[in-house]
Structures are given as C-alpha cells and as structure tokens.
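Note sheet for the following structure.
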Amino acid sequence: MFLDLLKKAYTFLFDTIQTVLLAASVFLVIYLFLFRPFEVSGESMFPTFKNGEFILTNLITLRFSSPTRGDVIVFQAPVDHDKDYIKRVIGIAGDTVMVQNGFVYLNGQKLDESMYLSEDVRTTPGAFLQEGLPVTIPAGDFIVMGDNRPHSSDSREWGFLKTTELIGKSFFVYWPPNQMRLVKNGQEAKN
C-alpha cells in the first residue's frame, strides 16, 4: 500500500516536472524566435498606443522581409541600445523624405497620415531632418517617427534607423483586455 502510494507520488511528480519543462521550452522558443511582448513606455505613439499598453511583436516577419511604409516596428534605440523604441516607418530605402511647413513629404508628395494622425498635428523638423531639406534614405535604412510628433525622439533627431537595429513588427495590443486590437499599417488602405 505504502509502495503504491510512493509510486503514484513519484509518477505524479515526474509528470509534473516534465510538463513544466516542456511548457517552459515552448515558451522560450516562442519568446526568442517568434513573438515577444513589449510594453509601451511613454507617449511617443499616442493616440495609437497609450502608456502601459502591452503589444505583441512578431520577430519572424522582419527576418524574411523588410518593413513597409506605415508599419509599426520595435527596434533598439539608436541612441541607447539598452532601450527599445516603437515607431512607425515613414520612409524606406530609396525614398526621399522632407519636413516642410509642418508636414512630411515623401518622394515630393505630401504624405497622407490621416489614418494615424489628427489634422491638427504638425511635424516639426529636427537636427537630422531639417526644415525644407530633402534626405534620401540609403539601402538598408529607414526613417521612422512617433505618431505623437511633439513628444517623440525619432529619425528627425537621430537620423536613419539601421536594419541591424530592428527587432520586430508589432501586430496586436493585448493588454489591457478592454483595449485589445490589431495594429494597423497606416498606409495599407491607400496602397
């Protein structure tokens, strides 16, 4: 009787440890190679994202294809590689970007940002993207900006984002639960 009880306890303990290790392994593979959660810290993407929201980011997509205009991406901050930033892709390699009179111009045309910016938002120039001076994006680089232009450290200040700094493409806000939603590309409906 005692041996049967000991055998059942051993089997239960062994099965539990095996299940926990398997679950941890699956989680680790998903976290390292497929999807990773990121917390929005700050107001640089407001109103698209609010401070404290959690976003699921796809780590695989950008290994096989480059971000497109309008994508929301997470990357290592160019000014501090210990931090991660979340911004929107404004321009890709070969594009010419210019800030003039409060608006962004892409390849000589005023960029329609109405899907993620309200009409009253103006884009100010910075140390890198200066008023009225067009900049052509080299191969492997991007220009990114926060949706909350007055409160965003982005390409206007620190320049091009390198492909090597990319982490992933954000696709789903999962926290808080009453704010769950898909992250939309700001240019999809226009292309």
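Note that segment 84-191 carries a Kirkwood radius of 14.7 Å, evaluated over its alpha carbons pair by pair. Comparing mean-square fluctuations of THR16, THR48, THR123 from a GNM of the chain with C-alpha springs under 10 Å, the top value falls on THR16. Using a simple spin-label model with pseudo-atoms 7 Å out from Cα toward Cβ, THR124 and ASN107 lie 3.1 nm apart. In degrees, nearest 10, range 0 to 90: what is the angle between the Cα axis of helix 2-29 and the longest Cα principal axis of the chain? Here the helix axis deviates by roughly 10 degrees. Extension gain, PHE35 to LEU5, is 6.6 nm, computed as 0.36 nm per intervening residue step minus the present C-alpha separation. Averaging 1/r over each pair of different alpha-carbon atoms in segment 1-92 and inverting the result gives 16.7 Å, the Kirkwood hydrodynamic radius.
When the chain is described by a simple charge dipole with +1 on each Lys and Arg Cβ and -1 on each Asp and Glu Cβ, the residue from PHE14, PHE49, LEU161 located farthest towards its positive end is PHE14.
Counting protein heavy atoms only, the chain has 62 percent of its accessible area on carbon and sulfur, 1.4 angstrom probe. Placing R0 at 25 angstrom, the Cβ-Cβ distance between ASN51 and GLN18 gives a FRET efficiency of 0.05 after rounding to 0.05.
A helix-only calculation puts the chain at -6000 deg cm²/dmol for mean residue ellipticity at 222 nm, using -39500 (n - 2.57) for each DSSP H run of at least four residues, averaged over all residues.
For the listed peptides 86-93, 111-118, 59-66, a ranking on the average number of other beta carbons within 10 Å per residue, highest first, reads 86-93, 111-118, 59-66. Among VAL20, VAL144, VAL97, the largest mean-square fluctuation in a Gaussian network model of the chain (Cα springs under 10 Å) belongs to VAL20.
Number of Lys-Lys pairs in the chain with C-alpha atoms under 17 Å apart and a separation of 8 or more places or on different chains: 9. Dividing the C-alpha radius of gyration of the chain by 2.2 N^0.38 Å, with N its residue count, gives 1.35.
Work through the residues other than SER170 whose Cβ is under 13 Å from its Cβ and net out their charges, Lys, Arg +1 and Asp, Glu -1. My count for the surroundings of SER170 gives +1. Just checking the listed ones, MET180, MET45, MET145: in the Gaussian network model of the chain with Cα springs under 10 Å, the one fluctuating most is MET180. Segment 2-66 and segment 73-127 have their alpha-carbon centroids 32 Å apart.
The values are calculated or read from the model by the stated rules, or taken from the named source; none is laboratory data. Computed from a prediction, not measured in an experiment: that's the story for all the values here. In this analysis, Cβ positions are derived from the backbone assuming ideal geometry, glycine residues included, and neighbour counts consider all displayed protein chains. Surface accessibility is based on the protein's heavy atoms, side chains included, excluding ligands, DNA and RNA. Shrake-Rupley method; radii C 1.70, N 1.55, O 1.52, S 1.80 Å.
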